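Notes for the one structure printed next.
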Amino acid sequence: MASTRWMGFAAVLGLAAGCGGEVPDLGWDCVVPGDLGEGELRATVDGADWRTGTAAWLMAGSSLQVNTEAEDGWRLTVVGQSTEEGQAVEDAMTTRIVPFTIPLETGEEGGWATLYPDDGDSFATESGGGGQFVVVDLEADLLTACFWFPATDGEASVEVTGALAAVPSDL
């Protein structure tokens, strides 16, 4: 019986220390490849591969902001304000209890994503459009996450799915 209690305590301690927990069933595959390098993003935009080595995160006030530089045709910005449970992202980042999910469908609650092509109009998530950004782990200063979202430029739409291992921003 003591070993069962110890294992439960160790699991709680691991979550509090920022070790990634089990990702809930989201209706899409939230997978962070084990060989994802620091600063790397691997995604598909409408099924076409997109990779960059410039993923970085920062806290902008009480919001989490994840950015990439333009590379391989695209640039991404994700902003998270609150989790699906209504917790402020700032609090979720401070407690480091992961995973937590940020809905990407509104500018008032949850968060949003904007995908910028090298040429043309940007694609942004829309209210009620769905999409999620899941912070899977926050170990030391490395933020690992997976994401899925539809986005539109007002005329055309794209679907983006991927994972990243963002380093702290030097901004």
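Give the residues of segment 46-73 whose amide nitrogen is closer than 15 Å to a point set 7 Å from the Cα of A156 in the direction of its Cβ. Backbone N within reach: 46-49, 73. Remark: spin-label model distance D118-R96 equals 3.9 nm, labels positioned 7 Å along the Cα→Cβ axis. Compared with the dominant principal axis of the Cα atoms in the chain, helix 2-16 is inclined by about 30°.
Once fully extended, how much extra length lies between A70 and D141, figured as 0.36 nm per residue of separation less the alpha-carbon to alpha-carbon distance? Provide the component values of the computation, followed by the final result.
Numbers: separation 71, 0.36 × 71 = 25.56 nm, distance 2.26 nm.
So the chain would gain 23.3 nm between A70 and D141.
All of the numbers you see were taken from the coordinates with simple rules; none came from a lab. Since this is a predicted model, take the numbers as computed values, not measurements. Every residue, glycine as well, gets a Cβ built from its backbone with ideal geometry; the counts of neighbours run over all protein chains shown.
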